[in-house]
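Undergrad: Sending over a structure as structure tokens; questions will come in a sec.
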Amino acid sequence: MATRLLPIPQPTLLVGPGASARLGQAICDFDHQRVLIVTDPVIAKLGLMLPMFQALKAGGLAYVVFDKMLPDAPVALIEQGVALFKSQGCDAVLAFGGGSAIDAGKAIALAAANNKHPVQLAGYFKGLRAPAPIYAVPTTAGTGSEVTVAAVISDPDTHSKLVIADTRIVPRMAALDPSLMLGLPPDITAATGMDALTHAIEAYIGRWGTRFTKQMALSAVSKIFEALPVAFANGQNLAAREKMALAANDAGQAFTRANVGYVHAIAHQLGGLYHTPHGLANAIVLPHVLRFLSPAIQPQLATLALRAKLGDAGESEAALAQKFLDAIDALNTRLGIPPTLAALRKKDIPALASAACHEAETNYPVPRYLTQAECENVIRQILPDPAVTPAVLRRRATTRKKA
């Protein structure tokens, strides 16, 4: 109820090539003493932060870099970030990277302000004190974390993902800089793009949608169907990269208010147990959840098909809905998303389904709730084919590259 009714801050957005340096300049105008920059080793090695560093130095703002973050934002690394934030006397956080880096930055800022272990902050509004100001520079077009009230972290000890939700962790400012995304490999472009698409779709078909969230979700779907195949095929296409950055942002604004659904509930379990990248897990699960729910969401699927330019308004809802479902399959194929999850084990399905059902039933406004058996059946659809060995997958990947 809180995320539905409370006002959610909207960060000031800087958009376009060079936006990350402009954000650095803007931060210098605030009364900060030292900023903690949270990123990952790959981003640090690539030198993508150099223009921003130069802007911070020119503005006389001190900073310290924490570049150890890993995928899924493990709680042990967040603890290290909190310790560095405190020991260096930082009073703001600038998260630079993919969704994990931004989520980690949010968690560090909130944990440091409340002197709490990150796990203790999982849930809704678990911190008494507001975090230090947070700024964000996404380097992928997927999570939309730069505008959301959530931070997803992981606890490797329990093989689980935890969600921290608090309207105060929405970044104050964010830079959507498409020039930072030009070097993204095709597989990362595909997975993060499908992550954004999943956010938009689940926000649109859920029961908490408002006029604003529906507009943002439809805008994101329209942009993604147009730009994602282009960005995947030509990673140096700056216009496509910028459109994808805007699409991920639109989708983030939609789901931070309207929330998500069973695709995320299942994907979180796959990520927690098998460390499957979140965007990839969403992409694999999405078509199966949509097909299962399709009888309950046919009008919404029809509208999504129209916004994705897959049909005409004169067609029946059933025909349009089917076109959208088929288009999701076709998009996954075009992007090289595997139809199954190689790591999935049959014996794990009951526990995965139980955890996914619990997550959905206690958090998400889904169109309809799945029984344990129904959820197991959905997950069973992505079991790997025993005949498809690693050698076969390697040959297929080589064939796709040559094509």
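The values are calculated or read from the model by the stated rules, or taken from the named source; none is laboratory data. Everything quoted here is computed from the prediction, not taken from an experiment. A quick note on method: Cβ atoms are made from the backbone with ideal geometry, for glycine too, and the neighbour counts reach across all protein chains shown. For accessibility, only protein heavy atoms count, side chains too; no ligands or nucleic acids. Shrake-Rupley method; radii C 1.70, N 1.55, O 1.52, S 1.80 Å.
Undergrad: Per residue, how much accessible surface does the chain expose to a 1.4 Å probe? Answer in Å², no decimals.
TA: 41
Undergrad: Follow-up. How big is D for region 176-259, in µm² s⁻¹ as a whole number, if Stokes-Einstein is applied with the Kirkwood radius of its Cα pairs at 10 °C and 1.306 mPa s?
TA: It diffuses with D of about 128 µm²/s by this estimate.
Undergrad: Once amide H atoms are built 1.01 Å from N in the peptide plane, which residues 5 or more positions from Leu14, or in another chain, come under 5 Å H to H?
TA: Those lying under 5 Å, H to H, from Leu14 are Ala174, Ala175, Leu176.
Undergrad: I'd like the Karplus ³J(HN,Hα) series for region 156-171: coefficients 6.51, -1.76, 1.60, θ = phi - 60°, whole numbers in Hz, and an x wherever there's a Gly or Pro.
TA: Result, ordered by residue: x, 5, 9, 6, 10, 9, 10, 10, 9, 10, 6, 4, 7, 8, 5, x Hz.
Undergrad: Can you give the calculated 222 nm mean residue ellipticity of the chain, where each DSSP H run of n ≥ 4 adds -39,500 (n - 2.57) and the sum is split over every residue, rounded to the nearest 500 deg cm²/dmol?
TA: -17000 deg cm²/dmol
Undergrad: Taking all protein chains as present, what is the carbon and sulfur share of the accessible area of region 79-147, in % to the nearest whole number, probe 1.4 Å?
TA: C and S fraction of accessible area: 54 percent.
Undergrad: Please list 212-220, 91-99, 195-203 highest first by mean number of surrounding beta-carbon atoms within 10 Å per residue.
TA: Taking the mean over residues of other Cβ atoms within 10 Å, the ranking is 195-203, 91-99, 212-220.
Undergrad: Round to a whole angstrom and tell me the spacing of the C-alpha centers of region 163-189 and region 292-316.
TA: First find each Cα centre; the distance between them is then 29 Å.
Undergrad: What's the whole-number percent of alpha carbon pairs in region 234-361 lying beyond 18 angstrom?
TA: Of all Cα-Cα pairs in region 234-361, 63 percent lie more than 18 Å apart.
Undergrad: Angle, helix 262-274 long axis vs. longest principal axis of the chain, Cα atoms, 0 to 90°, nearest 10?
TA: Tilt relative to the chain: about 70 degrees.
Undergrad: Once the piece of chain linking Ala343 and Asp157 is laid out straight, how much longer is it, given 0.36 nm per residue of separation minus the C-alpha distance between them?
TA: Result for the pair: 65.1 nm of gain on full extension.
Undergrad: Scan around Ser154 for amide H atoms under 5 Å from its own, H built in the peptide plane at 1.01 Å from N, and keep only partners 5 or more places away or cross-chain.
TA: Sorted by chain and number, the residues that satisfy this are Val75, Leu162.
Undergrad: Could you calculate the FRET efficiency of Arg129 with Gln236 from 1/(1 + (r/R0)^6), where r is the beta carbon distance between them and R0 is 56 Å, rounded to 0.05?
TA: After rounding to 0.05, the efficiency reads 0.80.
Undergrad: Here's something else I'd like to know. Got a number for carbon plus sulfur as a percent of region 245-336's accessible area, 1.4 Å probe?
TA: 55
Undergrad: Oh, and also: Take the solvent-accessible surface of the protein heavy atoms, probe 1.4 Å, and return the percent of it on region 1-54 that carbon and sulfur atoms account for.
TA: Answer for region 1-54: carbon and sulfur cover 59 percent of the accessible area.
Undergrad: What is the set of long-range amide H partners of His32 at a cut-off below 5 Å, with H atoms built 1.01 Å from backbone N?
TA: Residues meeting the criterion, in which the H sits 1.01 Å from N, do not exist here.
Undergrad: Efficiency by 1/(1 + (r/R0)^6): what FRET value for Ala330 and Leu70, r their Cβ-Cβ distance, R0 = 30 Å, to the nearest 0.05?
TA: Step by step, r from the Cβ atoms, then E = 0.35.
Undergrad: How far, in degrees from 0 to 90, does helix 278-293 lean away from the longest principal axis of the Cα atoms of the chain, to the nearest 10?
TA: So the helix axis and the longest Cα principal axis differ by about 40 degrees.
Undergrad: Report D for region 311-391 in µm² per second (integer): Stokes-Einstein, Kirkwood Rh on Cα pairs, 4 °C, 1.567 mPa s.
TA: Answer, rounded: 85 µm²/s.
Undergrad: Apply 1/(1 + (r/R0)^6) to the Cβ-Cβ distance of Lys309 and Thr362, taking R0 = 41 Å, and write down the FRET efficiency to the nearest 0.05.
TA: Approximately 0.65, to the nearest 0.05.
Undergrad: So, one more: Specify whether the C-alpha gyration tensor of region 230-284 places it in the rounded, prolate or oblate class, a ≥ b ≥ c being the square roots of the eigenvalues: rounded for a/c under 1.5, otherwise prolate if a/b is larger than b/c and oblate if not.
TA: Oblate, because a/c is 1.5 or more while a/b does not exceed b/c.
Undergrad: Continuing with the same structure: When the Kirkwood hydrodynamic radius is evaluated over all pairs of different C-alpha atoms of region 30-102, what value in angstrom, to one decimal, is obtained?
TA: 12.5 Å is the Kirkwood radius here.
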